[in-house]
Amino acid sequence: MGSDPPDGGGAPPDAGLAPLGLVAGDRVRWRDRSGARWREGRVVGRERDGSVGVRDGRGASRALRPERLEVATRGPRGGATWEPVVERAARSEQMGLWSRAPTDLPSRLR
């Protein structure tokens, strides 16, 4: 009763981030218009319209379409790089297949 969110939904606020491959607190960047400087913030959650809730360095909240966002990640050699959220979302659909150890293998092979 008291543990349900005020809107009546039973899902946690960031449950909609998983299909995008994001987690609340991820560092993201975006541009307000083409050619403008990059602005950085942190992921807060997913909005009802499908946009991503972001909080910038000053504490201002924004709701941005996933197509406009890039997320901080590590490159193949360990260097810091940025990846478009739409590319991560396309790739993360299959990530679950590789994150689990097969259960039919003997324990010495897992």
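Values as computed for the structure displayed
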{"read-out": "Within segment 28-44: backbone nitrogen closer than 19 Å to the GLU83 label point (7 Å, Cα to C-beta)", "value": "28-30, 41-44"}
{"read-out": "In sequence order, calculated HN-Hα J values of segment 70-84 (Karplus, 6.51, -1.76, 1.60; Hz; x Gly/Pro)", "value": "10, 10, 6, 8, 9, x, x, 10, x, x, 6, 8, 10, 10, x"}
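Read-outs throughout are calculated quantities, based only on the coordinates presented, and are distinct from any laboratory measurement. As the structure is a computational prediction, the values presented were derived from the model and not from experiment. Cβ: placed from backbone, ideal geometry, glycine included. Neighbour counts: every protein chain shown.
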